[in-house]
Each structure stands twice: as structure tokens, then as C-alpha cells.
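Chemist: Take this structure first; my questions come after.
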Amino acid sequence: MTLERGSTALLLLDLQRDFMDADGVYARHGLPVARLRSIVPTIARVTVASRAAHVPVFASKFTIYVSPGGAPLGIEAIVRARPFLREEGFRLGDPGRELIPELPRPHYEIDKPRFSAFHGTPLEVLLRSLGIDTVVLTGIVTHGGVEATARDAMIRDFSVMILEDCVAAFDEDLHLASLRGLGLYLTVTTSEDYLRALSASARP
């Protein structure tokens with residue numbers, strides 16, 4: 001694997017307290033957040049190395065916008081799977097919407113109203129302005145936001161790399177099936193391979 005200096009960005013997808021903290025909305029409704037938290041140290045290491053190599057770091061934050069009456073807007077499919085989101089979680093101003101504190105701060109934070117980090121956000125405009133042609137994906141959920149973002153990136157002619165030890169889902173079978181499917185079209189690799197390529201790209 002090779003990386004070209006100045007053309008790569010790192011994306012941290014939805015690493016938020018409501019998803020991952022023991023008192024976040026997902027944990028309060030019985031979902032196994034420990035599976036998600038297991039990838040945090042590796043993502044932190046990748047983020048530190050990326051920042052040191054001047055790789056732009058973007059973090060998406062899943063955001064539920066609501067009507068004046070408080071009804072969630074445009075997330076019917078998500079609410080079907082997670083009915084509790086109809087009433088709580090990921091609202092503007094909620095502490096649970098914020099990124100988990102264990103990660104280094106990104107250069108850019110993006111409010112994300114749908115599965116893909118490209119839909120309804122300035123992500124593509126910022127990537128193009130920075131001269132980025134390769135995006136490296138980390139975060140959650142593999143078969144949800146990660147896969148949707150990967151597919152949207154490919155449609156927009158970005159090269160896409162997923163770090164398999166830096167993504168996770170609540171359901172391991174869905175996680176593995178998503179990586180197998182995506183691996184037909186993009187690069188699925190490890191954090192160690194990425195870090196080696198990052199180090200090599202920094203050599204004069």
C-alpha cells in the first residue's frame with residue numbers, strides 16, 4: 001500500500017457519546033457498546049499519527065434534527081430499527097451528540113443528518129478544496145454509516161480505504177458481511193498497514 005502526501009484524509013465516523021458511552025442513549029437501551037469501544041485505542045493511535053503527518057482529520061457527528069413540535073425529521077428507517085430515537089438522542093445541544101473524549105480532536109467536525117457523511121454536509125466541498133483524492137474510513141457502524149459513506153465516496157471518484165480494526169458494529173455478522181462486500185470494490189486493510197504507508201509517505 002502507498003499513500004501520496006497531501007492527497008489523503010482520515011474520517012472518524014460517528015464516534016459519539018450517545019453511541020459509545022456507558023450512559024449514552026444506546027447503552028441505556030441495552031445495546032452492547034463494549035464492542036464499539038474496543039476500537040477506540042486503535043483509532044486514537046491512527047489519529048495521532050495522521051495529525052503528525054499533516055493528514056486532515058474529519059469527524060462526523062450523527063445529528064437528529066426535529067420539527068418545532070419535537071418530531072425527528074427524515075430518519076424513519078433509523079427509527080424503525082431503533083424506536084427510542086423517536087424520543088431522545090443525538091439532538092443539537094445534547095451532550096451525547098458530542099465526540100467521545102478519548103480521541104484527539106479532529107481538524108473538522110461535520111454534523112451528519114443521514115447515514116452517509118456526504119449527504120447534506122460540506123464534506124465533499126472541503127475534501128475537494130484540500131486536494132484530497134483518498135479517504136481513509138474509521139468508526140461506526142460498519143454496515144450503516146461506514147458503508148454508506150464508502151459507497152458515496154466511490155460514486156464521487158474518491159479512492160477509499162477502510163481500516164478493518166478501526167470499524168465496528170453491534171452485530172458482528174453484519175460487520176463482517178459488510179467488510180466482505182465492500183472489499184470487492186475498495187481497499188480493506190489494517191491500521192498497521194496504514195501507519196506503515198503513512199510513515200513511508202513522510203520520508204523525503
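The values are calculated or read from the model by the stated rules, or taken from the named source; none is laboratory data. Remember, it's a predicted structure, so these values are computed and weren't measured experimentally. Backbone-built Cβ (ideal geometry, glycine too); neighbour counts: all protein chains shown.
Chemist: In the stretch 141-170, how many are in contact with a Leu (Cβ under 9 Å, 6 or more places away or on another chain) and in a strand (DSSP E or B)?
Modeler: Final tally of qualifying residues: 9.
Chemist: How many of the residues making up the stretch 39-78 are surrounded by fewer than 16 Cβ atoms within 10 Å (Cβ to Cβ) and touching a strand residue (DSSP E or B) at 6+ places or on another chain (Cβ under 7 Å)?
Modeler: 2
Chemist: Moving on. With Glu88, Glu109 as the choices, which residue is in contact with a Leu (Cβ under 9 Å, 6 or more places away or on another chain) and of a type in the set (Asp, Glu)?
Modeler: One residue alone meets the criteria, Glu109.
Chemist: Answer yes or no as to whether Leu31 is surrounded by 14 or more Cβ atoms within 10 Å (Cβ to Cβ) and either on the phi < 0 side of the Ramachandran plot or modelled with pLDDT of 95 or more (or both).
Modeler: Answer is yes for this residue.
Chemist: Need pairs with beta-carbon distance below 8 Å; first residue more than 16 Å from Thr149 (Cα to Cα) and within the stretch 1-24, second acidic (Asp, Glu); sequence gap 6+ or separate chains.
Modeler: Filtered contacts from the stretch 1-24: Met1/Asp193; Ser7/Asp133; Gln16/Glu98; Arg17/Glu98; Asp18/Asp94; Gly24/Asp18.
Chemist: If you don't mind, there's one more thing I want to ask. From the list Leu15, Leu3, which residue is surrounded by 17 or more Cβ atoms within 10 Å (Cβ to Cβ), at pLDDT below 95 and under 29 Å from Val125 (Cα atoms)? Spell out the reasoning first.
Modeler: Details: Leu15 fails: at pLDDT below 95.
Only one candidate passes the filter, namely Leu3.
Chemist: Just one of Leu123, Leu130 is farther than 24 Å from Ser38 by Cα and crowded, with 20+ Cβ neighbours inside 10 Å; which is it?
Modeler: None of the other options fit; the residue is Leu123.
Chemist: Here is a further query. Could you list, in sequence order, the residues of the stretch 171-204 that are among the aliphatic types (A, V, I, L, M), in contact (Cβ under 8 Å) with a residue 12 or more places away in the chain and either surrounded by 20 or more Cβ atoms within 10 Å (Cβ to Cβ) or not in a helix (DSSP H, G or I) (or both)?
Modeler: Leu182, Leu186, Val188, Leu198
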